[in-house]
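Taking it in order: structure first as structure tokens, then the write-up.
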Amino acid sequence: MIKLVKLFLKSIYVYFETEGMDLAHIIAVTNQKGGVGKTTTCSALVSGLTALGQRTLGIDLDPQGNLGFSLGIDIESGTVTAEDALLRTENGDVIPSNILLSSAELEFNRSGREYIIRDLIATIEERYDYIIIDTPPSLNILTVNAYVAAQNLIIPMVPEVLSLLGISQL
């Protein structure tokens, strides 16, 4: 199993490796269905790429806050800038979330709201080789922001009809 995980991480690393690229590879992990392994995939990517010597940031856009928790962070409430929210762990850097992120639909109400996360990432992107975004199990403004910010998507699923339905609704 460990060899399989290492092979997967190296294949991600090799696939996205680009000589002379100054900006991060931004990957959103998404599926409308919950319980398909989005957060687990993000946590493994952040930890694994960090272990391979890559400068990696995980961004938790799921108000449940499980990515931060999975990477060993105590989730606190409050509002801060992207720079202040950035926490360093032995498994990589993380911008955690908590239940307060649930109000994003109400807060993200201006024109161009789908670019908010992309614009925040742009302020710190040059520091990282990879930025991995964990999305909520719904197609809301946070998920749309992740899609706009990302260059690639990873869509985990379990072999069942409801997981496939989640993909078809993206």
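The values are calculated or read from the model by the stated rules, or taken from the named source; none is laboratory data. Keep in mind that what you see is a predicted model, and the values were worked out from it rather than measured. When we count neighbours, we look across all protein chains shown, and the Cβ atoms used for this are built from the backbone with ideal geometry, even at glycine. What goes into the accessible areas is simple: the full protein's heavy atoms, side chains included, and nothing from ligands, DNA or RNA. Shrake-Rupley method; radii C 1.70, N 1.55, O 1.52, S 1.80 Å.
Against the conditions (1) under 27 Å from Arg55 (Cβ atoms); (2) touching a helix residue (DSSP H, G or I) at 6+ places or on another chain (Cβ under 8 Å); (3) surrounded by fewer than 17 Cβ atoms within 10 Å (Cβ to Cβ); (4) at pLDDT below 90, where does Leu101 fall short? Just the number, please.
(3)
Tell me, which residue of segment 150-170 that is part of a loop (DSSP other than H, G, I, E, B) and surrounded by fewer than 15 Cβ atoms within 10 Å (Cβ to Cβ) is modelled with the highest pLDDT?
Residues of segment 150-170 part of a loop (DSSP other than H, G, I, E, B): 150-151, 155-160, 169-170.
Subsequent filtering for residues that are surrounded by fewer than 15 Cβ atoms within 10 Å (Cβ to Cβ) retains 151, 158-160, 169-170.
Numbers: Gln151: 95, Val158: 79, Pro159: 79, Glu160: 75, Gln169: 67, Leu170: 62.
Checking each candidate, the answer is Gln151.
How many residues are outside any loop (DSSP other than H, G, I, E, B) and modelled with pLDDT of 90 or more when one looks only at segment 1-37?
Of the residues in that region, 5 qualify.
For segment 105-125, how many residues meet the condition of being basic (Lys, Arg) and part of a loop (DSSP other than H, G, I, E, B)? Talk me through it step by step, then tell me what you get.
Taking segment 105-125 as the starting set, the residues that turn out to be basic (Lys, Arg) are 110, 113, 118.
Restricting the remaining residues to those that are part of a loop (DSSP other than H, G, I, E, B) gives 110.
Count: 1.
Assuming Thr40 fulfils every condition listed in (1) of a type in the set (Val, Ile, Thr); (2) open to solvent by 20 Å² or more (accessible area, probe 1.4 Å); (3) under 25 Å from Leu162 (Cβ atoms); (4) touching a Ser or Thr at 6+ places or on another chain (Cβ under 6 Å) apart from one, which condition is it?
Condition (4) is where Thr40 drops out.
Hey, could you check segment 129-149 for residues that are open to solvent by 10 Å² or more (accessible area, probe 1.4 Å), outside any helix (DSSP H, G or I) and not small (Gly, Ala, Ser) and say which is modelled with the highest pLDDT?
The residue in question is Asp129.
On the given criteria, is Leu67 modelled with pLDDT under 90, outside any loop (DSSP other than H, G, I, E, B), open to solvent by less than 20 Å² (accessible area, probe 1.4 Å) and on the phi < 0 side of the Ramachandran plot?
Values: modelled with pLDDT under 90: yes; outside any loop (DSSP other than H, G, I, E, B): yes; open to solvent by less than 20 Å² (accessible area, probe 1.4 Å): yes; on the phi < 0 side of the Ramachandran plot: yes.
Against the criterion (modelled with pLDDT under 90, outside any loop (DSSP other than H, G, I, E, B), open to solvent by less than 20 Å² (accessible area, probe 1.4 Å) and on the phi < 0 side of the Ramachandran plot), Leu67 qualifies.
Check segment 109-124 and report whether any residue there is touching a Ser or Thr at 6+ places or on another chain (Cβ under 6 Å) and at pLDDT below 90.
Of segment 109-124, the ones touching a Ser or Thr at 6+ places or on another chain (Cβ under 6 Å) are none.
Within segment 109-124, none of the residues are touching a Ser or Thr at 6+ places or on another chain (Cβ under 6 Å) and at pLDDT below 90.
Quick check on my filter: what residues within segment 43-63 are part of a loop (DSSP other than H, G, I, E, B), surrounded by 19 or more Cβ atoms within 10 Å (Cβ to Cβ) and not charged (D, E, K, R)? So that I can check it myself, show each step before the final result.
As a first pass, look at segment 43-63 and keep what is part of a loop (DSSP other than H, G, I, E, B): 52-55, 61-63.
Now restrict to residues that are surrounded by 19 or more Cβ atoms within 10 Å (Cβ to Cβ): 54, 61-62.
Listed by number, the residues that qualify are Gln54, Leu61.
Go through Thr143, Thr135 for me and flag whichever is under 25 Å from Ser47 (Cβ atoms) and touching a Lys or Arg at 6+ places or on another chain (Cβ under 8 Å). Lay out the reasoning, then the answer.
On the way: Thr143 fails: touching a Lys or Arg at 6+ places or on another chain (Cβ under 8 Å).
The conditions single out Thr135.
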